[in-house]
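A short worksheet on the structure shown next.
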Amino acid sequence: MSAQPIDADLYDVGRPQREGTWRAAWRRYRSDRIAMLSLVVVCAFLVLIALAALGLVAGDWESERGVPSAPPDFMGPATDIQVETASASAPVNLDLTPVDPLGPRYQEWKQRAAQFSSIETPKALTLPLGGDMLGRDVLAKAVKGAEITVFVSLLAAVTATALGTLLGALSGFFGRWVGDMLEWLYNVFESIPTILLIFAFAALFGRGVSTVVMILAFTGWTGMYRQVRAEYIKHSGREYVRAAEAIGASQASRMFRHILPNVSHVILVRMSLLTVGFIKAEVILSYLGLGVPVDQVSWGTMLAEAQAELILGHWWQLATATLFMAVFVTAFSLMTDALRDALDPKLRGLE
């Protein structure tokens with residue numbers, strides 16, 4: 001009797017299939033309701049930023065839609081603003097005398113002025129979340145400011161993360177003269193006060209969004225470098241890395257294909273801290289006059305303007321900028337914390 005061929009698939013029945021690292025992380029992440037809610041909030045901010053960049057939302061943030069320092073709608077119009085507006089719009093009685101040689105022209109000029117005033121859009125006494133000292137909508141400024149602040153903070157955090165991760169991986173994996181050289185570079189940056197580095201980069205590159213990104217990235221990579229270097233030193237001697245070396249895996253493969261996924265949770269947590277810190281740093285830079293240009297708006301410039309408005313009791317610009325910052329920073333931190341837990345190798349081993 002001839003032997004029948006063995007179907008290998010029969011032996012796979014009931015055998016658990018190996019789940020990929022990122023698929024398993026996404027499965028664990030979806031089980032956390034707070035993490036999913038924070039992801040929705042962050043994505044909503046990113047969509048809002050994209051719409052603002054395209055000019056579909058808050059494109060008219062520079063227009064004076066309301067009277068100066070217009071209060072929010074729920075407060076109602078201010079009495080003094082109504083009085084000032086009424087007095088400013090009151091007709092002016094001109095004393096036309098026969099001895100005035102320009103008397104016949106006064107009526108013509110008055111009619112032209114009336115035509116121009118009828119074309120001008122009347123300014124609102126209240127705005128949804130109030131207005132600034134020039135009558136610009138605070139809500140539109142907060143949305144447009146999110147575009148600058150979040151873009152600058154995320155881009156600077158990604159740049160600092162990539163730079164610190166690359167240098168830390170090289171130093172921790174190779175060691176010897178590579179590690180000594182990178183440690184010397186790290187100590188040079190750490191020995192200089194951060195505020196002096198900020199002033200030096202600002203004086204060298206000038207003022208602008210790209211300058212803020214470079215300042216934050218080149219002054220914030222050192223913490224990422226130190227943590228990634230320690231993780232690579234710890235993982236380089238473990239069994240799975242030695243096994244990869246035994247089967248012929250290259251150094252680049254061991255560094256970025258084997259070790260990097262196992263330290264990604266540390267990198268993500270550090271990047272979230274960098275993002276939060278860079279949002280605060282952008283506020284400080286804008287307050288010192290080293291941030292975004294004066295023709296642009298960010299949450300930092302809004303807080304700087306709100307300082308003068310608080311003296312007059314106009315708190316709504318400060319409250320709006322603070323609310324937007326608090327919601328985004330909290331949601332972003334919760335999202336990255338949950339992603340760290342989903343990627344943690346120790347938690348993967350408990351399943």
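The values are calculated or read from the model by the stated rules, or taken from the named source; none is laboratory data. For clarity, every value in this text was computed on a predicted model and none was experimentally measured. Glycine also receives a Cβ, built like all others from the backbone with ideal geometry; neighbour counts cover every protein chain displayed.
Looking at the structure I just gave you, is LEU139 within 16 Å of VAL297 (Cα to Cα), at pLDDT 90 or above and out of contact with any helix residue (DSSP H, G or I) (no Cβ under 6 Å at 6 or more places or on another chain)? For LEU139, the condition - within 16 Å of VAL297 (Cα to Cα), at pLDDT 90 or above and out of contact with any helix residue (DSSP H, G or I) (no Cβ under 6 Å at 6 or more places or on another chain) - is met.
Looking at TRP184, TRP221, just one residue is of a type outside the set (S, T, N, Q) and over 24 Å from SER272 (Cβ atoms), and that residue is TRP184. Has segment 217-233 got at least one residue that is in a helix (DSSP H, G or I), in contact with a His (Cβ under 9 Å, 6 or more places away or on another chain) and of a type in the set (Phe, Trp, Tyr)? No, segment 217-233 contains no residue that is in a helix (DSSP H, G or I), in contact with a His (Cβ under 9 Å, 6 or more places away or on another chain) and of a type in the set (Phe, Trp, Tyr).
Of all residues in segment 273-290, those satisfying the criterion of being more than 14 Å from the chain's Cα centre (by Cα) and either in a loop (DSSP other than H, G, I, E, B) or of a type in the set (S, T, N, Q) (or both) are SER286, LEU288, GLY289, LEU290.
Counting only residues that are hydroxyl-bearing (Ser, Thr, Tyr) and not in a helix (DSSP H, G or I), segment 249-272 holds 1 of them. Of all residues assigned to segment 165-184, none qualifies as being in a helix (DSSP H, G or I) and under 30 Å from ALA321 (Cα atoms).
A residue that is under 25 Å from GLU231 (Cβ atoms) and in contact (Cβ under 8 Å) with a residue 12 or more places away in the chain occurs nowhere in segment 286-309.
The set of residues from segment 304-321 being in a helix (DSSP H, G or I) and either closer than 14 Å to VAL150 by Cα or not β-branched (Val, Ile, Thr) (or both) comprises ALA304, GLU305, ALA306, GLN307, ALA308, GLU309, LEU310, TRP316, GLN317, LEU318, ALA319, ALA321.
Going by the conditions given, is VAL150 within 21 Å of the chain's Cα centre (by Cα) and buried (at least 22 other Cβ atoms within 10 Å of the Cβ)? Here the answer is yes, as VAL150 does meet what is asked.
Just so you know, in segment 201-219 the residues that are farther than 16 Å from PRO293 by Cβ and within 15 Å of the chain's Cα centre (by Cα) include one that is surrounded by the fewest Cβ atoms within 10 Å (Cβ to Cβ), and it is ALA217.
Which one of these does VAL212 not meet: (1) free of Cβ contacts under 8 Å to residues at least 12 places away in the same chain; (2) part of a helix (DSSP H, G or I)? If we test VAL212 against (1) free of Cβ contacts under 8 Å to residues at least 12 places away in the same chain; (2) part of a helix (DSSP H, G or I), just (1) comes out false. Set side by side, the residues LEU167, LEU197 differ, and just one is at pLDDT 90 or above and within 26 Å of the chain's Cα centre (by Cα), which is LEU167. Of all residue pairs spaced 6 or more apart or on separate chains, those with beta-carbon atoms under 7 Å, a first member in segment 164-189 that is over 24 Å from ARG242 (Cβ atoms) and a second member that is of a type in the set (Gly, Ala, Ser) and surrounded by 15 or more Cβ atoms within 10 Å (Cβ to Cβ) are GLU183/SER171.
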